[in-house]
Amino acid sequence: MKLDSSIAAVVTGGASGLGEATVRQLAAHGVKVAIFDMNEAKGEAVAKEVGGVFCKVNVTSDDEVDAAFAKARAAHGQERILVNCAGTGNAAKTASRDKTTGETRHFPLDAFNMIIQINLVGTFRCIAKSAKGMLDLEPIDGERGAIVNTASVAAEDGQMGQAAYSASKGGVVGMTLPIARDLAGDGIRVNTILPGIFNTPLMNAAPPQVKEALAASVPFPKRLGNAEDYASLALEMITNGYFNGEDVRLDGAIRMAPR
């Protein structure tokens, strides 16, 4: 797919981190970008900088996602690109014992379900609704659209406490190929990126020594991933017409230890 001002894109989680970098790189190629995010102040600011449109949306809500797509399409037309970066995480052991009190507990099921609803179901919700719209587009060089999802290396080597997060991201990996197969006949490609340890706003809150230790654990290059690294791969997946049905680790060859 050629990137220019005739192309519209939607980036979920586009107000910061991996999503923001992708928004900026798409806009730098002239693409009209809509940002889906919960952070209204940051999202509006980024949209203003790149000449895009901001849509406040919680990806767990059918109504909010529908309204966001309607707003984005009213401004830019039907999107040919969807990049799913919206997501979150939490941590708790499946079952554990308090070392002080001896009290036992398990992973709160509502907290487990919340991660599944945001990371997995939210991603699928946006894919399904975007792809439905793409079906009405006229193909360009046989192609109607390109979708990029965000999983995590935790999908393959999740650490202690990451049962919910790994399950959600493993689900994104698991559904990539069948969705690509579902949409192949209509010229819509689907791929997923599995980032390793990235220098995102969440990571910025960590003490310097923690970030240094994490960077040192990466085989090569010995640094944290940058959001621009993610955006570069996302754009390759979008522009390379033979890239389809793939799940690609972007991690400096790291394999996560149990903890």
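Candidates MET134, GLY13, SER96 compared by Cα position along the dipole of the range 8-250: farthest toward the positive end lies SER96, with charges placed on Cβ.
What full-extension length gain, to one decimal in nm, is calculated for ALA28 and LEU109 as 0.36 nm per residue of separation minus the Cα-Cα distance?
Working: separation 81, 0.36 × 81 = 29.16 nm, distance 4.24 nm.
Full-extension gain reported as 24.9 nm.
Near the amide H of GLY252, within less than 5 Å, lie no amide hydrogens of residues on another chain or at least 5 residues away, with H placed in the peptide plane.
Counting only residues at least eight positions apart within a chain, or on another chain, the lysines with an alpha carbon under 16 Å from that of LYS2 are LYS32. Have a look at ASP247, ASP63, ASP37 and tell me which one the Gaussian network model of the chain (Cα, springs below 10 Å) gives the largest fluctuation. Between ASP247, ASP63, ASP37, it is ASP63 that shows the largest mean-square fluctuation. Using Cα-Cα distances under 8 Å and only pairs 6 or more residues apart, what relative contact order does the range 7-120 have, in percent? The value is 26 percent. Each helix, a run of at least 4 DSSP H residues, gives -39500 (n - 2.57); summed and divided by the residues of the chain, these come to -13000 deg cm²/dmol at 222 nm.
Quote the Stokes-Einstein diffusion coefficient, in whole µm² s⁻¹, for the chain, based on the Kirkwood radius over alpha carbon pairs, a temperature of 37 °C and a viscosity of 0.692 mPa s.
175
DSSP finds beta bridges in the chain, and of those with both partners inside it, around 10 percent are antiparallel. What's the center-to-center distance, using Cα atoms, between the range 91-123 and the range 125-158 in Å? With the range 91-123 and the range 125-158 each reduced to a Cα centre, they are spaced 29 Å. Across the range 153-165, coupling constants 3J(HN,Hα) worked out from phi with the 6.51/-1.76/1.60 Karplus curve, θ = phi - 60°, read 4, 5, 5, 10, 9, x, 8, 4, x, 9, 4, 5, 4 Hz, and Gly and Pro carry x. Axis angle, to the nearest 10 degrees, between helix 40-50 and the longest C-alpha principal axis of the chain: 50 degrees.
Can you pull a Stokes-Einstein diffusion coefficient for the range 42-165 at 25 °C (0.890 mPa s), Rh from Kirkwood over Cα pairs, as a whole number of µm²/s? The partial results should precede the final answer.
Numbers: Rh = 17.0 Å.
The estimated diffusion coefficient comes to 144 µm²/s.
Label positions at GLN78 and SER5, each projected 7 Å from the Cα along the C-beta direction, are separated by 2.3 nm. Phi-derived couplings, Karplus 6.51 cos²θ - 1.76 cosθ + 1.60 at θ = phi - 60°, listed residue by residue for the range 200-216: 9, x, 5, 5, 4, 6, 6, x, x, 5, 5, 4, 5, 5, 5, 4, 5 Hz, with x used for Gly and Pro.
Summing +1 for each Lys or Arg and -1 for each Asp or Glu, what net charge is found among the other residues whose Cβ lies under 15 Å from the Cβ of GLU20?
Numbers: positive: ARG24, LYS42, LYS48; negative: ASP37, GLU40, GLU44, GLU49, GLU228, ASP229.
That sum, taken over residues with Cβ under 15 Å, equals -3.
The H on the amide N of PHE54, modeled in the peptide plane, is under 5 Å from the matching H of ILE35, each at least 5 residues off or on a different chain. Whole-Hz Karplus values for the range 19-36 come out as x, 4, 4, 5, 4, 5, 6, 5, 5, 5, 8, x, 5, 7, 10, 10, 9, 9 Hz, taken residue by residue from phi with 6.51 cos²θ - 1.76 cosθ + 1.60 and θ = phi - 60°; glycine and proline positions read x. Charge dipole (Cα centre; +1 on Lys/Arg Cβ, -1 on Asp/Glu Cβ; no other charges) of the chain amounts to roughly 580 debye.
For the chain, the relative contact order comes to 20 percent (Cα pairs under 8 Å, sequence separation of at least 6). Ordering LEU233, ALA205, ALA146 by the projection of their Cα atoms onto the charge dipole of the range 92-246, which places +1 on the Cβ of Lys and Arg and -1 on the Cβ of Asp and Glu, puts ALA205 at the extreme positive end.
Rounded to the nearest 0.05, what FRET efficiency do MET160 and LYS222 give with R0 = 30 Å and r taken as the Cβ-Cβ distance? Could you check?
Details: r = 24 Å, r/R0 = 0.80.
Computed FRET efficiency for MET160 and LYS222 comes out at 0.80.
The numbers here are math on the coordinates, done by the rules we state, and not lab data. This is a predicted model, so every value here is computed, not measured. Here the Cβ is made from the backbone with ideal geometry for all residues, glycine too, and neighbour counts use every protein chain on show.
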